[in-house]
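The values are calculated or read from the model by the stated rules, or taken from the named source; none is laboratory data. Since we're looking at a predicted model, the values are computed, not measured. Neighbour counts are summed over all protein chains in view; Cβ atoms, including those assigned to glycine, are modelled from backbone coordinates with ideal geometry. Protein only, heavy atoms only, side chains kept; ligands, DNA and RNA dropped before computing areas. Shrake-Rupley method; radii C 1.70, N 1.55, O 1.52, S 1.80 Å.
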Amino acid sequence: MKKAALACIALLVLALTGCTQPTEPSSEPNISPKIPTNQPLTIYQATDIHYLSNTLTDGKQAFKTYLATGDGKQQNYITEITDAFVDDVKAQKPDVLVLSGDITNNGEKVSHEEMAEKLDEIEKSGVQTFVIPGNHDILNPYARKFEGDQQVKAESITPKEFASIYHNSGYDEAVMRDDTTLSYLVAPSSDVWLLMVDTSEYENNKRFGAPETNGYISTQTFEWIQKCIDLAKKHDAKLITVTHHNLLDHSELLNKGFTIVQNKAAVSLFAKNDIPLNLSGHVHIQDIRSDTRHGKTIYDVATSSMAMYPQQYGVINYAPNQGLSYKTQRVDVEKYAQKINSKDPNLLDFQQYSKDYFGKFGYTKALGELLLKGKYDVDDADKMAKTMEQANFAYFTGDKSYLQGIEKMPGYALWQAADGEFLTKYIDDIVKNKAKNDLTLEIHES
């Protein structure tokens with residue numbers, strides 16, 4: 001009798017266990033958009049901030065030399081520019097903020113940690129933040145601290161540390177993550193998803209002794225991208241892609257090291273799957289290019305570096321059943337300077353200061369190169385450098401009004417007569433696109 005009772009209990013346990021056995025795990029990832037369907041969406045995109053922590057520079061000779069030999073980035077005020085931008089975002093409250101790489105100057109760990117804290121502030125204000133690394137951000141041998149007249153090595157970060165530091169800015173919210181890169185898929189709204197594609201190659205930086213400039217998408221990552229595309233289609237969501245490197249050539253002269261090496265395959269894949277817009281940076285200029293494949297037009301918007309005049313960022317708006325739009329907007333540094341009661345005249349009139357800084361930088365660099373050649377007298381070199389200054393304003397800001405009358409400038413004729421000069425080709429490439437709109441874009445829903 002006792003054995004029979006035990007047997008009954010055992011059978012009951014087996015029956016209950018059988019009823020409660022776990023089912024096969026679902027392959028469908030968790031998708032929880034914060035914005036419901038048929039709602040508008042506003043995305044801010046900033047790129048190439050090149051943030052440098054104040055703890056890494058004393059502002060003395062080594063730092064001054066670094067700025068003078070750079071490319072016009074205004075890292076002497078990068079903290080104020082960045083904090084003014086954070087203030088703008090918190091006040092204007094877009095739905096989403098995207099940082100498309102080169103978040104830090106040269107991948108310094110403390111710079112990353114401070115930027116992550118600023119992004120956490122933005123998250124707390126109700127704005128979703130998403131980031132990807134640029135070629136400067138990870139395993140960078142150039143990570144430096146500036147002390148007196150010396151540059152001292154600073155601590156950089158690994159890919160794993162990047163995902164950890166920015167866990168609140170995309171990696172915790174990822175619907176899917178690529179196994180081989182820091183790429184991920186997020187669904188900020190039911191209607192629009194973001195495919196954040198890590199195109200930077202940083203594993204060989206230590207061996208090369210310098211950050212790899214080129215952008216890559218591997219076969220494995222292409223396969224992962226296709227899975228993301230398929231998932232978005234299943235949920236009837238539109239995709240916008242974000243890369244650090246450019247999807248299309250933004251210059252006939254400056255594309256090697258800037259355009260993704262496998263860009264033709266990427267353009268074909270995106271066009272075939274009706275992905276109309278890619279947001280990029282890296283090249284530091286403000287430029288919009290398009291390509292048509294499979295009967296579909298795809299746009300690559302390279303937003304200019306926030307570290308350079310005119311300190312602008314992209315504003316992308318999605319309107320249900322209408323489409324996407326893009327425009328640029330400037331960081332209001334002056335407003336922030338007043339808010340913090342700054343007495344610095346440069347900050348209180350920052351747009352003019354920034355313009356003068358950038359213009360003088362471009363002029364001085366061109367003048368120095370021309371005089372170094374020994375082919376031009378000082379007067380001619382001065383005229384040519386002034387022409388270069390105007391061309392650079394148009395190129396880096398995207399504002400083609402700077403090109404009005406450039407062909408009548410005395411320096412322009414001198415550039416045309418300068419046989420074989422690279423900078424002549426550079427100016428020609430800018431001037432020939434003077435009618436192209438690089439500040440706004442409308443993509444109508446088909």
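What's the angle, to the nearest 10 degrees (0 to 90), between helix 78-92's Cα axis and the longest principal axis of the chain? Helix 78-92 sits roughly 50 degrees off the main axis of the chain.
Between TYR77, THR65, ALA381, the Cα set farthest toward the positive side of the dipole of the chain (charges on each charged residue's Cβ, about the Cα centre) is that of TYR77. Restricting attention to the chain, close to 60% of DSSP beta bridges with both partner residues there are antiparallel. Each residue of region 227-234 was assigned a 3J(HN,Hα) from its phi angle through the Karplus curve 6.51 cos²θ - 1.76 cosθ + 1.60 (θ = phi - 60°); the sequence is 5, 5, 4, 4, 5, 4, 4, 4 Hz, with glycine and proline shown as x. Region 376-446 and region 296-341 have Cα centres lying 23 Å from one another.
With every protein chain in place and a 1.4 angstrom probe, the accessible-area ranking of PHE270, PHE258, largest first, reads PHE258, PHE270.
Using a probe radius of 1.4 angstrom, the carbon and sulfur fraction of the accessible surface of region 349-433 is 54%. Here the 3J(HN,Hα) profile of region 339-345, calculated from phi with Karplus coefficients 6.51, -1.76 and 1.60 at θ = phi - 60°, is 4, 8, 6, 5, 9, 6, x Hz, Gly and Pro shown as x.
Place a point 7 Å from the Cα of GLU147 along the Cα-to-Cβ direction; which residues of region 44-84 have their backbone N under 18 Å from it? Output list for this probe position: 53-66. Taking R0 as 30 Å, what's the FRET efficiency between LYS264 and GLU161 from their Cβ-Cβ distance, rounded to 0.05? After rounding, the FRET efficiency stands at 0.35. Between ASP379 and LYS93, the simple spin-label model (points 7 angstrom out along Cα→Cβ) gives 6.2 nm.
In this structure the amide hydrogen of VAL192, modeled in the peptide plane, comes within under 5 Å of the amide hydrogens of LYS238, none closer than 5 places in sequence on its chain. Heavy-atom accessible surface of region 269-328, averaged per residue, reaches 28 Å², computed with a 1.4 Å probe. Between amide H atoms placed 1.01 Å from N, distances below 5 Å from VAL175 occur with LEU185, VAL186, ALA187, all of them 5 or more places distant or on a separate chain. Cross-linked pairs LYS93/LYS436; LYS383/LYS434; LYS64/LYS124; LYS343/LYS383: Cα-Cα separations exceed 27 Å for LYS93/LYS436; LYS64/LYS124; LYS343/LYS383.
Heavy-atom accessible area with a 1.4 Å probe sorts LYS425, LYS400, LYS383, largest first, into LYS425, LYS383, LYS400.
These residues, HIS235, HIS244, HIS294, go from largest to smallest accessible area, 1.4 Å probe, as HIS294, HIS235, HIS244.
VAL283 contributes an accessible area of around 20 Å² to the protein surface, as traced by a 1.4 Å probe with all chains present.
Per-residue 3J(HN,Hα) values for region 384-393, derived from phi via the Karplus relation 6.51 cos²θ - 1.76 cosθ + 1.60 with θ = phi - 60°, read 5, 5, 5, 5, 4, 4, 5, 4, 5, 4 Hz in sequence order (x marks Gly and Pro). When the solvent-accessible area of region 144-188 is split by element, carbon and sulfur atoms take up 42 percent of it, the probe being 1.4 Å. Centroid-to-centroid, using Cα positions, region 244-293 and region 39-76 are 24 Å apart. Ligands, DNA and RNA aside, ASP380 has an accessible area near 40 Å² when probed at 1.4 Å.
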